[in-house]
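Some notes on the structure that comes next.
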Amino acid sequence: VGWVVAPEPFMPDLVAVSLANVVVPVGIAQDAVAIALERSATTLPAYRAELQARRDTVCAELSGLPVGVPAGGWSLLLSVSDFGIDGATMSKRLLEQNVCATAMAGWGERHGAQYIRFVFANEPVARLKGLGARVRAALRA
């Protein structure tokens, strides 16, 4: 399948969307980035410690399951193919357990579909507790 070229009247709309999605946010964010960089020596250690606590909680909850433990970051992957399902199926099962996880199909040509991703960046430790029981229930479903 080749690219479909939009008729000429749609081009201004495409330019406006491109500017709104790329140029404008960058301009708006410049002052915020400068302040964040100036304050990072005092704010970054606590943020890093919080992310590590969240990661450690998720890893403890998923102990014994095939999880990739990140050295840093804000998310991790769980391989579900050993359980005879793909990430899309697991993602749907998890929603029934009130857990949102991203199916990774399309994120890797050969292996993406076998994973789901848990993003812990915005979840406090208290909310992450109990995740293991919900994941195991979804795996049994």
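The values are calculated or read from the model by the stated rules, or taken from the named source; none is laboratory data. What you see is a predicted model; the values in this text were computed from it and never measured. Cβ: placed from backbone, ideal geometry, glycine included. Neighbour counts: every protein chain shown. For the accessible areas, the whole protein counts, side chains as well, though only heavy atoms, and no ligand, DNA or RNA atoms are used. Shrake-Rupley method; radii C 1.70, N 1.55, O 1.52, S 1.80 Å.
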The range 34-82 shape via C-alpha gyration tensor axes, a/c threshold 1.5: prolate
Sparse-neighbourhood loop sites, trypsin sites (Lys or Arg not before Pro) in the range 76-112 - DSSP loop, at most 16 other Cβ within 10 angstrom: Arg110
Label-point gap, in nm, between Ala105 and Ala71 - each point 7 angstrom along Cα→Cβ: 3.3
Cut-off under 5 Å, modelled amide H: who pairs with Lys129 long-range: none
For the range 31-123, projected area of the alpha-carbon convex hull averaged over all directions, nm²: 7.6
Neighbourhood charge, 15 Å Cβ-Cβ cut-off, centred on Arg134 and excluding it, Lys, Arg +1 and Asp, Glu -1: +3
Average accessible area per residue (Å²) across the range 60-141 - probe 1.4 Å, nucleic acids and ligands excluded: 58
Nearest-10 value in Å² for the accessible area of Glu50, using the 1.4 Å probe: 70
Counted charge near Gln114, where neighbours are those whose Cβ lies closer than 11 Å (Asp, Glu -1; Lys, Arg +1): -1
Potential extension, Tyr47-Arg140 segment - 0.36 nm per residue separation minus Cα distance: 30.0 nm
Efficiency of FRET between Lys92 and Ser63 - r from beta-carbon atoms, R0 25 angstrom, step 0.05: 0.55
Solvent-accessible area, 1.4 Å probe, carbon plus sulfur percent, for the range 37-109: 53
Volume per residue of the C-alpha convex hull in the range 75-141, rounded to whole Å³: 76
